[in-house]
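Undergrad: Before I ask anything, here is the structure I am working with.
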Amino acid sequence: MAARNSTGWILSVAARSKCPRCGQGHLFNGFLTFAKSCDVCGLDYSFADTADGQAFFAMMGMGVPVTAFGIWIELAYDPPLWVHAVTTLPFLLVACILPLRFLKGALAAAQYVNRAEEGRLAKQHDRPRP
């Protein structure tokens, strides 16, 4: 088992959709909805705010291969438009939707492991003096 503060740990809990603290409890209620807390160790998942990060990485990661697939079909076979609708479009949807759960889990686990939190502006009295 990887150390609990390593990239291996983050990828392990993301692949299994488990709690980033204990590695046992469920991370999700449903496909992409975070559970309120871990059902084993009680970790509150309210810290996890992945926003649309997982969607960005899925679309950017799969955009090039899917586009290349569509261009290959077009150049190799010169099919009518409906062929793209039944081949390229489903391929795009599957390629972008399937990794969302893993990517969302990985981003949440990385936030927990790295103690990431919302950025704040330092107040004048908090800044170190030169």
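Undergrad: Might you list the cysteines of the chain that have no disulfide-compatible partner by the rule of another cysteine's Cβ under 4.7 Å?
TA: Taking the Cβ cut-off of 4.7 Å, the unpaired cysteines of the chain are 96.
Undergrad: If you don't mind, there's one more thing I want to ask. To the nearest 10 degrees, how steeply does helix 100-113 sit against the main Cα axis of the chain, on a 0 to 90 scale?
TA: Relative to the chain, helix 100-113 is tipped by roughly 20 degrees.
Undergrad: If I fit a long axis through the Cα atoms of helix 53-77 and take the longest principal axis of the Cα atoms of the chain, what angle between them do I get, 0 to 90°, rounded to 10?
TA: 10 degrees
Undergrad: A further question on this structure: Need one number: nm distance between label points at residue 78 and residue 47, each 7 Å from Cα along Cα→Cβ, rounded to one decimal.
TA: 6.0 nm
Undergrad: If amide H atoms are built 1.01 Å from N in the plane of the peptide, which residues on other chains or at least 5 residues away come under 5 Å of the amide H of residue 34?
TA: The answer is 29.
Each value in this text was obtained by applying a stated rule to the coordinates, not by laboratory testing. Bear in mind the structure is a predicted one, so any value in this text is a computation, not a measurement. Neighbour counts are summed over all protein chains in view; Cβ atoms, including those assigned to glycine, are modelled from backbone coordinates with ideal geometry.
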